[in-house]
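Visitor: Starting off with a structure, shown below.
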Amino acid sequence: MTLPLSADQAAVEQGKRAAEAGLAAPLKRQLETAELVARVEITAVQRLIDHALSEPGMTAVTGYVYSGIAQQVWKGASAAHLAFRVHLADCQKKLTRGQQYLIFARTNARGYLELLSCEAAIAHPERGNLLAELNRYY
């Protein structure tokens, strides 16, 4: 009888499979289209409010603005502190303060860094071989 893998074991196994196959096609696309690829520790989370849609007693939150400390930058301008946006239309998952993420960000028309999908923020990037693969790629 085979026992199911824990979440940590499953993540390690997934990382091993990805390393064996090289960088997966979706990850390659993320790398090619991102202007910034970095491992970031989230230090602050603020709501992105649409004042035009808000009414008295009701605030229209359209996303979140995250601030963080760049632990390592593989692509893009290297800065100690980063801020980026995630709109709820692109990803409804809220990132956690104090957690590290590997992010793939682009600059929008107004010059703000933003993530365009939930897949653009990978939690626990140290698991598996993802960081080693990035070091080989860059």
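The values are calculated or read from the model by the stated rules, or taken from the named source; none is laboratory data. Model, not experiment: these values are computed from the prediction. Here the Cβ is made from the backbone with ideal geometry for all residues, glycine too, and neighbour counts use every protein chain on show.
Visitor: Filtering region 87-136 down to residues that are in a loop (DSSP other than H, G, I, E, B) and aliphatic (A, V, I, L, M), which residue is surrounded by the fewest Cβ atoms within 10 Å (Cβ to Cβ)?
Guide: Step one: of region 87-136, the residues in a loop (DSSP other than H, G, I, E, B) are 88-99, 108-112, 116-117, 124-129.
Pick out the ones that are also aliphatic (A, V, I, L, M) and you get 88-89, 95, 109, 116.
On the way: L88: 13, A89: 9, L95: 20, A109: 5, L116: 18.
Per the criteria, the residue is A109.
Visitor: Report, by residue number, each residue of region 57-77 that is surrounded by fewer than 18 Cβ atoms within 10 Å (Cβ to Cβ), in a loop (DSSP other than H, G, I, E, B) and in contact (Cβ under 8 Å) with a residue 24 or more places away in the chain.
Guide: A77
Visitor: Just the residues that are at pLDDT 95 or above and of a type in the set (K, R), please, taken from region 69-92.
Guide: Across region 69-92, the qualifying residue is only R85.
Visitor: From the set of residues in region 1-43 that are part of a loop (DSSP other than H, G, I, E, B) and not aliphatic (A, V, I, L, M), which is modelled with the highest pLDDT? Walk me through how you get there before you give the answer.
Guide: Pass one, region 1-43, residues part of a loop (DSSP other than H, G, I, E, B): 1-6, 21-24, 34-35.
Still in the list and also not aliphatic (A, V, I, L, M): 2, 4, 6, 22, 35.
Details: T2: 50, P4: 60, S6: 61, G22: 55, E35: 95.
Per the stated criteria, the residue is E35.
Visitor: Given the criteria farther than 19 Å from R47 by Cα and in contact with a Lys or Arg (Cβ under 9 Å, 6 or more places away or on another chain), does L113 qualify?
Guide: Details: farther than 19 Å from R47 by Cα: no; in contact with a Lys or Arg (Cβ under 9 Å, 6 or more places away or on another chain): yes.
When the stated conditions are applied, L113 does not pass them.
Visitor: Could I ask something else about it? Out of (1) part of a strand (DSSP E or B); (2) within 15 Å of the chain's Cα centre (by Cα); (3) exposed (fewer than 13 other Cβ atoms within 10 Å of the Cβ), what's the single condition that is false for Q46?
Guide: Here Q46 meets the rest and fails (2).
Visitor: Does E41 satisfy the criteria of being surrounded by fewer than 19 Cβ atoms within 10 Å (Cβ to Cβ), under 10 Å from the mean Cα position of the chain (by Cα) and charged (D, E, K, R)? Before the answer, list the steps.
Guide: On the way: surrounded by fewer than 19 Cβ atoms within 10 Å (Cβ to Cβ): yes; under 10 Å from the mean Cα position of the chain (by Cα): no; charged (D, E, K, R): yes.
In short, no.
Visitor: Continuing with the same structure: Return yes or no: is T96 within 13 Å of the chain's Cα centre (by Cα) and β-branched (V, I, T)?
Guide: On the way: within 13 Å of the chain's Cα centre (by Cα): yes; β-branched (V, I, T): yes.
Against the criterion (within 13 Å of the chain's Cα centre (by Cα) and β-branched (V, I, T)), T96 qualifies.
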